[in-house]
Amino acid sequence: MKLIDLSQIINNQTPAYPGDTSPVITTAKGDGHTSSRLSSGFHVATHLDMPMHFTDDARFCADFPIDSFAGPGVLLDVRGESPIGMKPHYDQLIQPGTIVLLYTGHDQYFNSDPDKYYKQYPQITMEFAQFLTDRRIKMLGMDTCSPDYAPHDVHKLMFPADIFMLENLTNLAALLDIGPFEVFALPLKVEAEASFARAFSRPTRQVQ
């Protein structure tokens, strides 16, 4: 089984959104064992935003069933588009319950130029966000830190439809030519409005 890792690493060099808490990992050795401690906000590296993040929804990550975080994937190659808008063929390509991934190529700046990564990313149009909401997709993922800028109207539109945001993906180019695939983005079972996620995909097995 071929699994494709779509996650950014969490370490002491992982950049955080301006004003957010950067991760700090401390490791101690002694008495024949190694023990590490992580101090971090949840909105760093590859992570999932829950509706609670920008709405009055009271549900934590832990309150959603685990099958909420996996499903058939759709990759949109939107490199060079800014803003990222609706296209006619999306009406057939994107179906209810799918996990839509936006391949912008912007993840190239995640480590090399964090200031550009967090301040100059492409956002999606409200028309496109409305289509995704009406289509009842399961999740919107991207290789950027967000699908929008403050005041985060895209988040606020899509969250009431229980559409999660999967942010700071990487390696989406690996999905360009693999055919149908599934996406898995599993959060911690944590009582919080967001969680780190180990996101990965696998090609869908073809029935002979």
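Residues in segment 18-27 that are open to solvent by 60 Å² or more (accessible area, probe 1.4 Å), out of contact with any Ser or Thr (no Cβ under 8 Å at 6 or more places or on another chain) and on the phi < 0 side of the Ramachandran plot: 1 in all.
Quick check, is residue 200 part of a strand (DSSP E or B), open to solvent by 40 Å² or more (accessible area, probe 1.4 Å) and not charged (D, E, K, R)? Taking the combined requirement at face value, the residue satisfies it.
Just to be sure, is residue 93 touching a residue at least 60 places away in the same chain (Cβ under 8 Å), closer than 22 Å to residue 136 by Cα and out of contact with any helix residue (DSSP H, G or I) (no Cβ under 6 Å at 6 or more places or on another chain)? Against the criterion (touching a residue at least 60 places away in the same chain (Cβ under 8 Å), closer than 22 Å to residue 136 by Cα and out of contact with any helix residue (DSSP H, G or I) (no Cβ under 6 Å at 6 or more places or on another chain)), residue 93 does not qualify. Every condition in (1) among the small types (Gly, Ala, Ser); (2) in contact with a Leu (Cβ under 7 Å, 6 or more places away or on another chain); (3) closer than 25 Å to residue 91 by Cα holds for residue 195 except the one numbered (3). The set of residues in segment 61-90 being of a type in the set (A, V, I, L, M, F, W, C), in contact with a strand residue (DSSP E or B) (Cβ under 8 Å, 6 or more places away or on another chain) and either over 20 Å from residue 198 (Cβ atoms) or without any contact (Cβ under 8 Å) to a residue 12 or more places away in the chain (or both) consists of 74, 76, 78, 84.
Search segment 138-148 for residues being charged (D, E, K, R) and farther than 17 Å from residue 127 by Cβ, and hand back the single one that is surrounded by the fewest Cβ atoms within 10 Å (Cβ to Cβ). Working first, answer last.
Filtering segment 138-148 down to residues charged (D, E, K, R) leaves 138, 143, 148.
Subset that is farther than 17 Å from residue 127 by Cβ: 138, 143.
Working: 138: 22, 143: 27.
Looking at residues that are charged (D, E, K, R) and farther than 17 Å from residue 127 by Cβ, I get 138.
In segment 9-52, of all residues being charged (D, E, K, R) and more than 18 Å from the chain's Cα centre (by Cα), the one that is nearest to residue 115 (Cα to Cα) corresponds to 37. Checking each residue in segment 149-197 for being surrounded by 15 or more Cβ atoms within 10 Å (Cβ to Cβ) and β-branched (Val, Ile, Thr) picks out 154, 163, 170, 178, 183.
Do we have residue 25 as part of a loop (DSSP other than H, G, I, E, B), at pLDDT 95 or above and not acidic (Asp, Glu) here?
Spelling it out, it is not the case that residue 25 is part of a loop (DSSP other than H, G, I, E, B), at pLDDT 95 or above and not acidic (Asp, Glu).
Is there a residue in segment 107-122 that is touching a residue at least 12 places away in the same chain (Cβ under 8 Å) and farther than 22 Å from residue 8 by Cα? Scanning segment 107-122, I find no residue that is touching a residue at least 12 places away in the same chain (Cβ under 8 Å) and farther than 22 Å from residue 8 by Cα, so the answer is no. Being touching a residue at least 24 places away in the same chain (Cβ under 8 Å) and surrounded by 16 or more Cβ atoms within 10 Å (Cβ to Cβ) is a property that residue 15 has.
The values are calculated or read from the model by the stated rules, or taken from the named source; none is laboratory data. As the structure is a prediction and not an experimental result, all values here were calculated from the model. We place every Cβ from the backbone using ideal geometry, glycine too, and count neighbours over all the protein chains shown. Accessible surface is based on the protein model in full, side chains and every heavy atom, while ligands, DNA and RNA are left aside. Shrake-Rupley method; radii C 1.70, N 1.55, O 1.52, S 1.80 Å.
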